[in-house]
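Visitor: Provided herewith is a single structure, encoded as structure tokens, for subsequent inquiry.
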Amino acid sequence: MTKHHQFEQHTDTGRTDKIVALRTDGMGPNEIARRLNTSLATVSYAIRRARKSGVDFPPLKGSRTVKAEAIEPATLDHQIVIPNRLHGLLTAEAERVGKAPEDLARQILETGLLERWARHG
């Protein structure tokens, strides 16, 4: 696929509007991609752009997303700050696999640290 073709896909407002509408209705990115016969990358891109412009999507079915304000302060051990670009990638991957971003981040950190510990003792 040429870069020009990819650009056309990402700027197709009709498709973007359909993606945003389906995601707003609670449909997940994989199902949207299948329904619209488009790539998951195109769907994720449209969702990210919509979020950046202020669209607030409902949680996916089975998602355990919890707002930080809803958690009692005593249960928050530590917080880390990550760059917006990394947060966007984490959020897109979490949607793709049907997890909450914080759960995926925890899994990635734990897996990486455990593997490193196992290798280096």
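The values are calculated or read from the model by the stated rules, or taken from the named source; none is laboratory data. In this text the structure is predicted, and so the values were computed from the model without any measurement. Here the Cβ is made from the backbone with ideal geometry for all residues, glycine too, and neighbour counts use every protein chain on show.
Visitor: Quickly run through region 79-121 and pick out the residues that are farther than 15 Å from PRO59 by Cβ, in contact with a Leu (Cβ under 8 Å, 6 or more places away or on another chain) and not in a helix (DSSP H, G or I).
Guide: ILE82
Visitor: With respect to ALA105, is the statement that it is in contact with a helix residue (DSSP H, G or I) (Cβ under 7 Å, 6 or more places away or on another chain), at pLDDT 90 or above and surrounded by 11 or more Cβ atoms within 10 Å (Cβ to Cβ) true?
Guide: So ALA105 fails the test.
Visitor: Another one. Take the residues of region 23-60 that are closer than 17 Å to LEU89 by Cβ and among the hydroxyl-bearing types (Ser, Thr, Tyr): which is nearest to the chain's Cα centre (by Cα)?
Guide: Top of the filtered list is SER44.
Visitor: Shifting gears a bit: I'd like the full set of residues that are under 16 Å from GLY98 (Cα atoms) and in contact (Cβ under 8 Å) with a residue 12 or more places away in the chain, limited to region 33-47.
Guide: LEU40, VAL43, SER44, ILE47
Visitor: Okay, next question. Could you look through region 1-32, keep only residues that are among the small types (Gly, Ala, Ser) and at pLDDT below 90, and pick out the one that is nearest to GLY98 (Cα to Cα)?
Guide: GLY28
Visitor: May I ask you to say which residue of ALA100, ALA70, ALA74 is modelled with pLDDT of 80 or more and either in contact with a Phe, Trp or Tyr (Cβ under 9 Å, 6 or more places away or on another chain) or among the small types (Gly, Ala, Ser) (or both)? Outline the logic, then answer.
Guide: Details: ALA70 fails: modelled with pLDDT of 80 or more; ALA74 fails: modelled with pLDDT of 80 or more.
Sole residue among the options that is modelled with pLDDT of 80 or more and either in contact with a Phe, Trp or Tyr (Cβ under 9 Å, 6 or more places away or on another chain) or among the small types (Gly, Ala, Ser) (or both): ALA100.
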